[in-house]
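Structure first, commentary second.
The values are calculated or read from the model by the stated rules, or taken from the named source; none is laboratory data. Note that the structure is predicted; figures quoted are calculated from it, not measured. All Cβ positions, glycine included, derive from the backbone under ideal geometry; neighbour counts span all protein chains shown. Heavy atoms of the whole protein, side chains included, go into the accessibility calculation; ligands, DNA and RNA do not. Shrake-Rupley method; radii C 1.70, N 1.55, O 1.52, S 1.80 Å.
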Amino acid sequence: MNITNPSREEIGKILKNSKRIAVVGLSDNPQRTSYMVSKAMQNAGYEIIPVNPVVDEVLGVKAVSSLKEIEGHVDIVNVFRRSEYLYEVAKEFSEIDADVFWAQLGLEDDKTFRFLKEKDYTVIMDRCIKVEHALTK
């Protein structure tokens, strides 16, 4: 099965209608891609929720250990974990009923894609949310 992302136009609509982004694997190291991308999205007006059990706070926001600890609705779950961990994150994602599962640039997994599409979720893989935001503003 091939992974098929929404069109750029659809991605633009998703980003325009979203407010809260939970970032799985968000590092507190400013040199890491997850930090730089999340900071840019925070600066663009999105609420960033760090999801990382080994950090206390990132970008001035208290981190949570898992998606299930987040209170309130999450629009996008943006994942910065290696592809072999995507399925594990997807299972937790399906338990919190967020809107969009987004695996960052370089990350994709057929099993995860099929699992989420069978549940009728919007899935984006192998795309950088910061780049897509810049291209669809």
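Structure notes:
- Applying Stokes-Einstein at 25 °C and 0.890 mPa s to the Kirkwood radius of segment 1-76, computed over alpha-carbon pairs, gives a translational diffusion coefficient of 184 µm² s⁻¹.
- The calculated FRET efficiency for Glu57 paired with Ile96, based on their beta-carbon distance and R0 = 22 Å, is about 0.55.
- With θ taken as phi - 60° and the Karplus curve 6.51 cos²θ - 1.76 cosθ + 1.60 applied, the whole-hertz 3J(HN,Hα) list for segment 66-75 is 8, 4, 5, 7, 7, 8, x, 6, 10, 7 Hz, x standing for glycine and proline.
- Solvent exposure of Ser34, expressed as accessible area, is near 10 Å², computed with a probe of 1.4 Å over the protein chains only.
- When the chain is treated as a Gaussian network with alpha carbon springs shorter than 10 Å, the biggest mean-square fluctuation among Ile48, Ile11, Ile124 belongs to Ile11.
- Answer label for semi-axes √(5λ) of the Cα gyration tensor in Å (calculated), chosen among (1) 67, 15, 12; (2) 32, 15, 12; (3) 21, 17, 14: (3)
- For the pair Lys39 and Lys119, the difference between a 0.36 nm per residue extended length and the Cα-Cα distance amounts to 25.7 nm.
- Cα centroid of segment 98-137 to Cα centroid of segment 19-75, whole Å: 17
- Listed by chain and number, the lysines whose C-alpha is less than 25 Å from the C-alpha of Lys119, apart from same-chain residues fewer than 8 away, are Lys13, Lys16, Lys19, Lys68, Lys91, Lys111.
- Sulfur and carbon atoms: percent of accessible area, the chain [1.4 Å]: 44
- Accessible area of segment 19-137 divided out per residue, in Å², using a probe of 1.4 angstrom: 51
- Most mobile listed residue (Gly25, Gly45, Gly12) in the chain, GNM with C-alpha springs under 10 Å: Gly45
- Rg(Cα) / (2.2 N^0.38 Å) computed for segment 56-96, rounded to two decimals: 1.22
- In a fully extended conformation the segment linking Asp126 and Asn2 would gain 43.4 nm over its present Cα-Cα distance, using 0.36 nm per residue.
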